[in-house]
Amino acid sequence: MIRPKHLQPGDRVAVLGGSSPTSKTAEELTKAVREMGLEPVLYPSATAKHGFLSGTDAMRAADINAAFADDSIKGIICTRGGYGFHRILPLLDWKTIKKHPKLFGGYSDVTAMLNALNQICGMESYHMQMVGAWSDGLDEYTAPFVKSILFGEPVDFVNPEGSPITTLVPGKAKGRLCGGNLSLLAASMGTPYEIDTKGKILFIEEVGELPYSVDGMLTTLRNGGKFDDAAGIILGGFTNCGEKEGSLGGLSLEEIFQELIVPAGKPTISGVVCGHCTPSMSLPMGRLFKMDAGAGTFGPVKK
């Protein structure tokens with residue numbers, strides 16, 4: 001797996017939109033990146049709007065292709081997630097992208113790109129807070145994880161105090177980290193970009209879905225053998241995914257996990273503080289990780 005170089009202070013970083021448009025102005029995006037010690041290069045899709053997308057498919061794909069091809073650009077960070085990244089995967093120049101490895105960061109809808117970089121290019125990618133969130137200010141737990149991804153500063157993969165990790169299936173596992181947002185993982189099924197979990201540690205998070213919808217997407221992954229194929233499973237934040245007032249009611253998320261994930265018998269933990277939550281850790285997707293589900297611990301394998 002190719003590991004892109006960490007950034008250095010003053011490096012030029014592409015800021016672009018692959019999904020939905022951001023509410024941040026060019027000035028706010030520029031200020032946020034400079035406060036991180038980097039020099040922003042805003043591409044057209046960073047501030048464009050095409051309905052619920054940050055520019056047309058052609059614009060968004062062209063920005064990503066151009067940013068990878070430009071060797072003066074040392075990293076690429078998305079403005080936000082939302083919707084639409086999987087629309088442009090067929091338009092990307094994967095040969096050029098593979099020849100110019102560089103740090104690429106985002107999460108949520110950007111899950112589609114993070115896993116494609118791993119699987120098509122053999123390149124690490126980074127599940128991390130994006131520039132829009134930088135502009136709002138990062139809390140004292142989240143900021144070190146973002147800086148660890150950007151600059152290589154060491155960090156421990158532990159939850160903040162008061163946020164326990166729960167063991168669903170005890171055991172130890174080792175494998176490359178994959179996954180991300182559940183909606184995007186389920187949407188990948190049956191496409192050329194289908195998530196590959198064989199021998200890997202699968203991370204899953206979600207936001208704003210009712211339990212029956214979470215159940216449906218997890219069932220899709222279960223029926224596709226993704227839990228059976230995995231070496232281990234890490235469940236992150238399922239933010240605002242409980243029953244809503246006036247809904248029909250039904251199974252809890254914990255019951256759904258027990259019925260759909262636990263039977264695979266793979267080491268599994270839940271409650272990891274990562275995803276659509278504040279605070280949140282960042283994860284290097286594609287890196288070799290190990291986990292001890294019984295102890296509720298995980299982290300990269302040290303060379």
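The values are calculated or read from the model by the stated rules, or taken from the named source; none is laboratory data. Since we're looking at a predicted model, the values are computed, not measured. Side chains are part of the model used for accessible areas, which takes the heavy atoms of the whole protein and leaves out ligands, DNA and RNA. Shrake-Rupley method; radii C 1.70, N 1.55, O 1.52, S 1.80 Å.
Here are some notes:
- Accessible area, probe 1.4 Å, largest first, for residues 205, 140: 140, 205
- Karplus 3J(HN,Hα) series, Hz, for the range 22-39 with 6.51 cos²θ - 1.76 cosθ + 1.60 (x for Gly, Pro): 8, 8, 7, 7, 4, 5, 5, 5, 4, 4, 5, 5, 5, 5, 7, x, 10, 9
- Residues whose placed amide H lies under 5 Å from that of residue 2, excluding near-sequence neighbours: 123, 124
- A convex hull fitted to the Cα coordinates of the chain yields 127 cubic angstrom per residue.
- With all pairs of separate Cα atoms included, the range 67-150 yields a Kirkwood hydrodynamic radius of 13.4 Å.
- Beta-bridge orientation, the range 172-293: approximately 30 percent antiparallel, per DSSP, counting only bridges with both partners inside.
- Around the amide H of residue 179, modelled in the peptide plane, lie the amide H atoms of 203, all under 5 Å away and 5 or more residues distant in sequence or on another chain.
- Converting phi to 3J(HN,Hα) with the Karplus coefficients 6.51, -1.76 and 1.60 and the offset θ = phi - 60°, the range 271-282 yields x, 5, 7, 7, x, 7, 9, 10, x, 7, 7, 10 Hz in sequence order, with x at every glycine or proline.
- Excluding ligands, DNA and RNA, the accessible surface per residue across the range 6-82 is 41 Å² with a 1.4 Å probe.
- Ligands, DNA and RNA are left out, and with a 1.4 angstrom probe the accessible area of the range 136-211 is 46 Å² per residue.
- Amide H contacts of residue 238 (H built 1.01 Å from N, under 5 Å, at least 5 apart or other chain): 206
- Ranked order, 100, 50 - accessible area, probe 1.4 Å, largest first: 50, 100
- Rh (Kirkwood; distinct C-alpha pairs) - the range 93-240, Å: 16.6
- Histogrammed with a bin width of 5 Å, the alpha carbon distances of the range 50-94 distribute as 5, 21, 31, 26, 14, 4, 1 percent, first bin at zero.
- Pairs from 147/266; 200/302; 24/302; 49/200; 74/198 whose Cα-Cα separation, in the structure shown, is over 27 Å: 147/266; 24/302; 49/200; 74/198
- Share of carbon and sulfur in the accessible area of the chain stands at 52%, probe radius 1.4 Å.
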